[in-house]
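What follows is one structure encoded as structure tokens, with my remarks underneath.
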């Protein structure tokens, strides 16, 4: 735990690892073979999980941390950092992931929540955490609990970028709004956001979050990745979008290139040629409230 | 004077900020042609396998070799060091070989084993206290005869220099301490004088060759040039 600028936030070395992943792509993988494809395509990190979000959506049932054996196989297969998901509030899954030497734990809404009121106390761990959020208040609550990286949630397994855009815009405009408030307005704003006052004050001054902000949930094409980067994401997570497409290796490589050259349309044209079929995707506005993953988290 | 930061992937933004604290203009480099505009280059921390793929894809390997041959300084931190080293182990992978050191990747372990330490570097002949943040850091396992060790941690080299190439296994850009970046800026400032003189020499040489060719052409045609 650090005390940078009077803030109680994650350790500098943990926020530092998030900094090292910037401009990169973190890819969901379920086994060693997929992990190797991801690494060969240029992924900056892989995320181990039991099933990709679109399968969790399709199959239903309780979605849990990936089996230990699978995680170990993935760790053996690649040299890049390995992340893994734990259920919201399931601090024992997190303890197991820490003991396995996982490099970043994602306390994730994609899995079935284990606690309907509380998230994990992330300061209690020696490895960093990333958490999802839909707006600035949620982002600052997670940072206040010790998250070393934030990712906007989007709608996992949908192949539809609209929710990711909504959440990134909400964060960016929430930050911008704080920067124009006067000091006496900040306490009420903290109350309205449901966010720690110290963090609200810090963001109002800095004009950014104290930890890196990545994007997740719905990225299926190189153009989607570049869109999120242009909207302010500092790196992207791609879940079902790669291994549910017709040519995962090629699509993975194209998304890596698009994330680096996100401001260069000529490159985006080049990498978008001959990609095969993207995952099919879902119209998220037609999903029932109970089928949304993004509403999990408190 | 302008210093580039290789912005393919990694913590390039923090290096640009650190250069800003030294009063130096920084430029993001995503394509090899952008190297023409900068007097020195920082290769940041990030994932070396990712950086390698992107470097090969965009033709950075010959471009960086040329950049180095021209005497323009390069500073690599963590993944940047791995890319600049002569040889790399665990696993063995391609590297530019611009500094005569051998490195082992992720040599302290995984993120759980990342750590911070205080140490001392010998900069411009003076012992200078520095803050060191090691993140899934490599270890320098071999140092060649022409390489100067500038800082050590537990008797192992963590910062080294050979001519115009500077490397560190830790991340000075994650701290507010500008000492290491100031040292690199001074390297670039000094090298710039020589690089400029060489470029001017080359330009005047070209002018001379062109004048001679014009003279020859006019001689052949029998008309004045």
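No lab work stands behind these numbers, since they all come straight from the coordinates. Only a predicted model underlies this, so the values are computations on that prediction, with no experimental measurement involved. With ideal geometry, Cβ positions are generated from the backbone for all residues, glycine too; neighbour counts draw on all protein chains shown.
Points to keep in mind about this one:
- Spherically averaged projected area of the convex hull of Cα atoms, chain A: 14.4 nm².
- Burial ordering of B:149, A:179, fewest other beta-carbon atoms within 10 Å first: A:179, B:149
- Expressed as a fraction of 2.2 N^0.38 Å, the C-alpha radius of gyration for region B:90-225 is 1.64.
- An oblate overall shape is assigned to region B:61-154, the ratio a/c of its alpha-carbon gyration tensor axes (a ≥ b ≥ c) being 1.5 or greater and a/b not exceeding b/c.
- Of all beta bridges that DSSP places with both ends in chain A, some 5 percent have antiparallel geometry.
- Sorting A:33, B:131, B:113 from the fewest to the most surrounding beta carbons within 10 angstrom yields A:33, B:113, B:131.
- Antiparallel bridges, percent of DSSP beta bridges restricted to region B:2-191 (to nearest 5): 55 percent
- Given R0 = 56 Å, the distance between the Cβ atoms of residue A:177 and residue B:205 translates into a calculated FRET efficiency of 0.40.
- Relative contact order, whole percent, for region B:106-198 stands at 23, derived from Cα pairs under 8 Å and 6 or more residues apart.
- Acute angle (nearest 10 degrees) that the helix B:60-69 long axis makes with the longest principal axis of chain B, alpha-carbon atoms: 80 degrees
- Its DSSP H runs of at least 4 residues, each contributing -39,500 (n - 2.57), put the calculated 222 nm mean residue ellipticity of chain A at -12500 deg cm²/dmol, to the nearest 500.
- Pairs of Cα atoms nearer than 8 Å and 6+ residues apart set the relative contact order; for chain B it is 17 percent.
- Sequence-distant contacts, meaning Cα pairs under 8 Å at least 6 residues apart, place the relative contact order of chain A at 20 percent.
- Region B:2-191: C-alpha gyration tensor shape, a/c 1.5 cut-off, then a/b vs b/c: rounded
- Exposure proxy for A:142, B:210: other Cβ atoms within 10 Å of each Cβ, ordered fewest to most, give B:210, A:142.
- Global geometry of region B:123-163, whether rounded, prolate or oblate, following the gyration tensor of its Cα atoms and the 1.5 cut on a/c: oblate
- Among beta bridges from DSSP that stay inside the protein assembly as shown, the antiparallel ones total about 35%.
- Taking each DSSP H run with n ≥ 4 as -39500 (n - 2.57) and averaging over every residue of chain B yields -11500 deg cm²/dmol at 222 nm.
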